[in-house]
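Comments concern the structure below.
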Amino acid sequence: MKRLGLTLISAIAIFGGLLLLWQSIIWIFALPPYLLPSPARVAHAVIARFPSLVASLLLTAAAAAGGLLAALLVGLVIALFFAQFPWIRRMLYPYTILLQTVPIVAIAPMILLWMGPGLGSVTLITFIICLAPIIANTTQGLISVDRNMVDLFLMHNASRAQVLLKLRLPHAMPSLFTGVRIASGIAVIGAITGELFAGSSRVGVGGIGYAIQYASAQLETDYLFALVLAATVLGFSFFFTVMFLEWYFLHSWHESARVIDQE
Amino acid sequence: MTTRPIAVPAIDFDRATKRYGTGATTLESISSQVQRREFVSIIGPSGCGKSTLLKMVAGLSPITSGGIAIHGMTPQKARELISFIFQDATLLPWRTIRQNVVLGLELDGMARETRNAKVDAVLSLVGLSHVAGSFPRQLSGGMKMRVSIARALATRPQLLLLDEPFAALDEMTRDRLNEELLRLRDEQSWTALFVTHSVSEAVFLSTRVLILAPNPGRIAHDVSIDLPFPRTESTRRSEAFERTIAQVSRALRSVSAAAVATENGASISDEARTAGAHPA
C-alpha cells in the first residue's frame, strides 16, 4: 500500500514536470499556438470540443474493437485447423507470415477503392493487421502440447474432440492471450491508419485518424493535440483491458499472469 | 475384473520386435512373462529401448513383429486395465489437484458422483486430501509425482507402467516414494513394470529385474530379487540388499561395457558378455 502511494506520487510529479517543461519551451522560444499550443489551450480544446472528440474516439474504438474481435474469432478458427491438420498448416502457414510483412499503408488504398470509405473499410484494415499475431501465437500454443500428455489422453481412448477441448485449448490459452495482447496494441494503430485513408463517408464526421487529418489541414493544432491524447488513452485502455482479462483467466495457474499478481 | 483363469500372465512378451522404418532394430525378439502381482523393473544403458518397450505394452507404439499380450488381450484392448506413469508428473496446470486426479475417470465417462467418491478415496490413500484444491504449481516435485500416482491408481488398474517416475527427484524423496509405492501395492494389488536407471531403486522395489542390452535391445539378464517383503528402511541397510545390488550392478556393467565396445567399433568379446551375473 505504501509502495503504491509512492508510485502514484512519483507518477504525478513526473506528469507535472513534463507539463512544466512543455510550457517553458513555449515561453523560451516564443512559439505561436499553431506550432505548439500550451497545455492550457489543449485542455480548453478538450473541454470545448468534448462531444466531437468523444464521437471520434468512439468511432475509432468501434473499428478497433470490431477488427480485433473479428481477428480473434477468425484467427482462432484458422489456428484450430492448422493444429488439427498439419498438411493445411504446411500449405498455408507461409501466407500468415506474408500477411504480417505486407505494410498496411500499402493495402489501405486498395480496400478504400473496393469498399469505399467508412467504418467497414477501417474495421477490415484493423482486422487484417490483427490476424497474423493471433494465428501465429494460437497455433504455436495448440501444437506445443507435451507428447506425454497426449499419450495420457490416448491411454484413456480419448477422442480428438476431447484432446482438443480438455488439453490443447486450455494449454493454448496463454499463447492466445499473448497474440491478443500484441494485436490489441496494433488494433488502435491500425484503425487510426485506416481512418487516414478511409476515415469518413461524410465531411466533418469521422474517427480519430480522420479528425487528425482534418485538424492538421485546418491548423487546429490544439485540437490535434487533444486527438493525439485521445488516441493514447484508447491504446492504453485496449492494452490494459486485455492484460486484465489475461490476469483474470490465467492467474490461478499460469506463471506469466502471476507477475502482475506479485506487484 | 476379468473372469479369465489365473494362469494367464499379466504380460506375455512373445518375440516382440520393434524396428523404426528401415533403420536398425530397436528391440529384438523380446520374450518373457510377467505374472500377476509381480513387480518387474527394467534397467539397461541408454538407448537399449526400455521406454519403447513400455510404450509398446501400453499400445502407444506399434509392435513390428511378434506380440505382447496383456491379460490375454492386445495392448490396445487392454488399455482400461493399464495406467501409465511418466517421468514428469504430466499434470494439467490449469486443473486443481482434485481435477487432475479425476481426469482418467472423466475421460472414461464415469458418472460424476461415482468418480468423486473414487477420487476422495484415492486422495486420502496417497495422503493428498489437504492439497486437493491446490494447483500443480503450488506443489513440490515429490508432491506432484504423488498426484501423478494418485491419478494412475484412481482408475483401479491391473497393470501399472512406470517410466522413470522418480528420476528427477532428490534421493530422500525418491526413497520415501519407493516405500509409498510398495505400501500402495499391498493395498491395491497391481502388477508393475518399472523402467529406471537406478540399480538400488530397481532392487528395492522389484521381485524381478530385467537387464536389457542395446544394439539391438534385448533381455540380457533376468534376475530374481529374493529380498523379503515388506521392504522398509531396514531392508536398505541389510547385507542381502547390498549383495543383490552388487550382483545386478555387475551384470549391468558387463552389458554397458559391451555396448561401449560396439560403439567404438570393436567386436563384443565373449569375456565382456559373460563377466556379469548368470545370463537369462
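Sorted from greatest to least, the principal axis extents spanned by the alpha carbons of region A:36-147 come out as 61, 36, 24 Å. Whole-Hz Karplus values for region B:50-63 come out as 4, 5, 4, 4, 5, 5, 5, 4, 7, x, 8, 9, x, 8 Hz, taken residue by residue from phi with 6.51 cos²θ - 1.76 cosθ + 1.60 and θ = phi - 60°; glycine and proline positions read x. If you plug the beta carbon distance of B:Gln188 and A:Tyr95 into 1/(1 + (r/R0)^6) with R0 = 41 Å, you get a FRET efficiency near 0.15. Close amide-amide hydrogen proximity is noted between B:Thr26 and B:Lys18, B:Arg19, B:Tyr20, each under 5 Å apart and 5 or more residues distant or on a separate chain (H modeled in the peptide plane; Pro and chain starts excluded). Measure nothing but the geometry: give the 0 to 90° angle between the long axis through the Cα atoms of A:221-250 and the longest principal axis through the Cα atoms of chain A, rounded to 10°. Orientation of helix A:221-250: about 20 degrees from the principal axis.
If R0 equals 22 Å, the separation of the Cβ atoms of A:Ala48 and A:Leu229 corresponds to a calculated FRET efficiency of about 0.95. Using the rule -39500 (n - 2.57) for each DSSP H run of four or more residues, divided by the residues of chain A, the 222 nm mean residue ellipticity is -28000 deg cm²/dmol. Extending 7 Å from Cα along the Cβ direction at B:Ser31 and again at A:Trp87 yields two label points whose distance is 4.2 nm.
Each stretch of four or more DSSP H residues adds -39500 (n - 2.57); spread over every residue of chain B, this sum gives -11500 deg cm²/dmol at 222 nm. Remark: the B:Ser224-B:Arg237 segment gains 2.7 nm on full extension, using 0.36 nm per residue and subtracting the alpha carbon distance. Summing charges over neighbours of A:Thr178, with a neighbour being any other residue whose Cβ is under 13 Å away from its Cβ, gives -1 when K and R count +1 and D and E count -1. Could you list log10 I(q)/I(0) for the protein assembly as shown at q = 0.07, 0.10 Å⁻¹, which the Debye formula gives when each Cα is one point scatterer? The computed values of log10 I(q)/I(0) come out as -0.61, -0.91.
Over chain B, all Cα pairs binned in 5 Å intervals from 0 give whole-percent P(r) values of 1, 6, 12, 16, 17, 17, 14, 10, 5, 2, 1, 0, 0, listed from short to long.
Bridgeable lysines around B:Lys55 (alpha carbons under 30 Å apart, same-chain partners fewer than 8 residues away excluded): A:Lys166, B:Lys18, B:Lys77, B:Lys118, B:Lys144. Rounded to 0.05, the FRET efficiency of the B:Thr22 and A:Ala62 pair, given R0 = 60 Å and the Cβ-Cβ distance, is 0.50. Using a basic spin-label model with each label point 7 Å from the Cα along Cα→Cβ, how many nm lie between B:Ser51 and A:Ser252? With each label point 7 Å from Cα toward Cβ, the separation is 3.2 nm. Hull volume per residue, based on the alpha-carbon atoms of region B:41-145 and their convex hull, is 149 Å³. Per-residue Karplus couplings for region B:105-119, computed as 6.51 cos²θ - 1.76 cosθ + 1.60 with θ equal to phi - 60°, are listed in order as 5, 5, 5, 6, x, 6, 5, 4, 5, 4, 6, 4, 4, 5, 5 Hz, Gly and Pro entered as x. Under 5 Å between amide hydrogens, built in the peptide plane, is the criterion, and for B:Ser61 it picks out B:Met56 among residues at least 5 positions away or on other chains. Protection proxy ranking for A:241-247, A:170-176, A:24-30, using the average of other Cβ atoms within 10 Å per residue and placing the highest first: A:170-176, A:241-247, A:24-30.
Every number in this text was worked out from the coordinates using simple rules, so none of it is lab data. Nothing here was measured: the structure is a model prediction, and the numbers come from that model. For neighbour counting, all protein chains shown are included, and Cβ atoms are generated from backbone atoms with ideal geometry for every residue, glycine included.
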